[in-house]
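Okay, so here's the structure we're looking at.
The values are calculated or read from the model by the stated rules, or taken from the named source; none is laboratory data. Since the model is a prediction, treat every value here as computed from it, not as a measurement. When we count neighbours, we look across all protein chains shown, and the Cβ atoms used for this are built from the backbone with ideal geometry, even at glycine.
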Amino acid sequence: MKKTALLFLVLLFAPAAGLAQAKVRIVSTLQDFASISQSIGGDLIEADALAKGYQDPHFVDAKPSFILKLSRADLLIVAGLELEIGYLPALIDQSRNAKIHPGGPGYLDVSVGCDILERPTGQVTRAMGDVHPHGNPHYWTDPNNGGIIARSIAAKLSALDPPNRATYEKNLAAFEAKLAAKDKEWMAKMAPYANAKIITFHRSWPNFAKHFKLDVVGEIEPKPGIPPSPSHTLDIINLIITDKIKAILVEPYFDLKTPKYIAGKTGASVVVGYPSVGGLPEIKDYFELFDHDIDELVKALGGGTQ
Amino acid sequence: MTITELLLPAFVASLILTGIHAYLGVHVVERGVIFVDLSLAQIAALGTTVAYLMGHDLHSGMAYFYSLGFTFLGAAVFSFSRVHRKTRVPQEAVIGIVYAVSAAVAILVMSKATQETEHLKDMLVGNILSVTWPELFTTAVLYSLVGVFHYVLRERFLLISMNEAEAERRGWNIRFWDFLFYISFGFVVTSSVAIAGVLLVFCFLIVPSVTAMLFSARLGPRLAIGWSMGALVSAGGVALSYGLDLPTGATIVATFGGALLIVAACRRALRRAGASALSMDARSGRLP
């Protein structure tokens with residue numbers, strides 16, 4: 001009887017003892033950062049993302065659960081560059097969590113230190129369409145930036161949870177090693193198509209194109225968010241025909257009607273490229289994101305080479 | 001590819017759309033159910049969303065049948081919720097409720113679907129430039145069938161639209177005929193919104209028939225005015241969008257607005273001129 005009681009007590013308190021060291025609760029806006037955090041933090045953290053990978057990260061419908069998640073968060077990881085300006089500031093205010101306010105100890109903007117492209121020079125006006133005044137916020141589609149993001153997250157976690165610094169650093173080293181190995185594999189797959197010309201729908205891919213040596217020669221939507229005019233549509237069609245462009249890269253949250261129409265007129269293929277982890281059920285982490293997009297691109301670029 | 005090759009299908013599409021919508025617009029304006037097309041289009045979009053949740057591809061035949069099925073549901077709601085003398089609930093209220101609820105339910109369905117539903121919100125936008133010849137052919141066949149259907153039943157539909165009291169006096173089953181009317185309307189709107197988007201379809205439906213009403217109360221002249229205006233404005237809008245390098249659908253919509261304004265102003269000026277000529281005649285002692 002005594003033994004059973006003891007066993008019962010042990011069973012009751014064992015999980016609690018395990019949790020004595022509370023996990024660092026991370027909320028990120030994008031699933032990409034949650035995935036990288038998971039690689040760095042392992043069992044020491046809990047990471048959760050607000051936007052799903054198949055959603056347009058500019059326009060996220062806020063749900064009540066977001067405020068709950070933010071109010072309990074120890075660390076908020078954002079893409080910055082005003083990507084989340086449409087929904088996040090109000091949520092942070094409503095969460096009443098001082099830690100995660102911009103400038104607070106639990107706020108991390110991972111764009112800092114990354115290679116940011118298309119920083120506009122001169123004045124930005126609404127006449128330019130939906131343009132980001134601080135540069136293109138889709139920077140995590142470059143694996144080099146992924147490494148920089150991982151280092152920022154590791155440094156932040158070490159600051160928030162100093163006793164586990166060694167673990168975070170060990171995990172960071174493992175992440176960087178895997179990223180380097182994977183990057184070699186990706187670059188090898190893309191090598192035959194170095195400097196291949198492609199068309200994209202929206203300006204989401206400059207970092208991806210730069211890293212994998214693709215030449216984005218045109219966009220279907222010249223001003224993001226404003227439908228294309230006839231002469232622009234015609235220019236793109238003729239550009240694809242004369243330059244024999246094989247791939248039109250489109251984000252999953254745009255309707256495929258116009259890209260498919262242009263593809264039908266020109267013989268190019270529409271490639272749905274996922275800009276974020278979780279866009280498809282099989283894209284479970286930051287590495288599988290590139291695995292998927294590169295395989296799809298290679299299919300389109302390699303098709304009909306003869 | 002040349003600019004004519006690109007713009008010709010869009011122009012032919014606007015002619016086909018004008019053909020059926022200017023006619024249906026007469027019914028819609030007479031019945032005072034102006035936003036019924038927005039409402040039916042939104043229900044059709046909800047049908048597509050549900051089809052997607054059930055695992056069908058968005059541009060597949062099954063998705064089309066789902067959207068059509070939902071449109072029939074909407075037709076049933078509209079025909080059974082006719083203006084009720086006792087409650088005095090206007091038909092537009094029901095139309096508005098159906099619009100808001102189906103738009104909201106579509107958002108809820110999308111939030112539960114796992115992926116790739118984000119661009120459903122673009123479904124009602126449409127790009128008339130990306131219409132293809134085979135698409136135009138099937139649409140033209142479908143609209144012709146609907147046109148024949150309306151021609152055969154013209155006596156019923158027109159009397160109910162224009163003189164409901166008389167139709168009631170004759171003892172017709174108005175709800176039944178209304179159901180047929182809204183179903184045929186749903187067929188048209190489901191395809192036309194997919195091609196041109198809600199804004200443009202609304203314009204094709206309402207503007208020509210309102211313009212025609214400024215000049216005539218009879219059906220024949222109204223159709224003639226509506227059709228010629230629709231064709232002229234479509235041509236002008238497509239040309240303007242090319243000349244000024246603007247998005248085509250939105251340019252046609254704005255051209256419709258401008259044309260209506262000009263026509264209304266001209267009519268007013270003509271009336272004034274007519275009236276002052278009349279008063280001058282009166283002063284000089286000659287009776288008209």
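Here are some notes:
- From the list A:Pro275, A:Pro222, A:Pro281, the one residue that fits, being within 30 Å of A:Ala177 (Cβ to Cβ), within 14 Å of chain B (Cβ to nearest Cβ) and surrounded by fewer than 21 Cβ atoms within 10 Å (Cβ to Cβ), is A:Pro281.
- Hey, A:Pro227 within 13 Å of another protein chain (Cβ to nearest Cβ), closer than 22 Å to B:Leu200 by Cβ, crowded, with 20+ Cβ neighbours inside 10 Å and out of contact with any strand residue (DSSP E or B) (no Cβ under 6 Å at 6 or more places or on another chain) or not: yes
- Of everything listed in (1) acidic (Asp, Glu); (2) within 14 Å of another protein chain (Cβ to nearest Cβ); (3) within 16 Å of A:Ala196 (Cβ to Cβ), the single unmet condition for A:Asp295 is (2).
- Filter result for the condition that a residue is within 14 Å of another protein chain (Cβ to nearest Cβ) and aliphatic (A, V, I, L, M), over A:Leu160, A:Leu179, A:Leu234: A:Leu234
- In the range A:55-97, the residues that are assigned to a helix (DSSP H, G or I), within 14 Å of chain B (Cβ to nearest Cβ) and not small (Gly, Ala, Ser): A:Pro64, A:Phe66
- Residue within the range B:239-257 that is part of a helix (DSSP H, G or I), within 14 Å of chain A (Cβ to nearest Cβ), modelled with pLDDT of 90 or more and within 29 Å of B:Ala63 (Cβ to Cβ) present: yes
- Residue check, B:Gly220 crowded, with 20+ Cβ neighbours inside 10 Å and either of a type in the set (Gly, Ala, Ser) or not in a helix (DSSP H, G or I) (or both): no
Conditions (1) crowded, with 19+ Cβ neighbours inside 10 Å; (2) within 14 Å of another protein chain (Cβ to nearest Cβ); (3) touching a strand residue (DSSP E or B) at 6+ places or on another chain (Cβ under 8 Å); (4) farther than 25 Å from B:Val207 by Cβ, marked per residue:
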position: B:Ile20; (1), (2), (3), (4): yes, no, no, no
position: B:Ile43; (1), (2), (3), (4): yes, no, no, no
position: B:Leu68; (1), (2), (3), (4): no, no, no, yes
position: B:Ala100; (1), (2), (3), (4): no, no, no, no
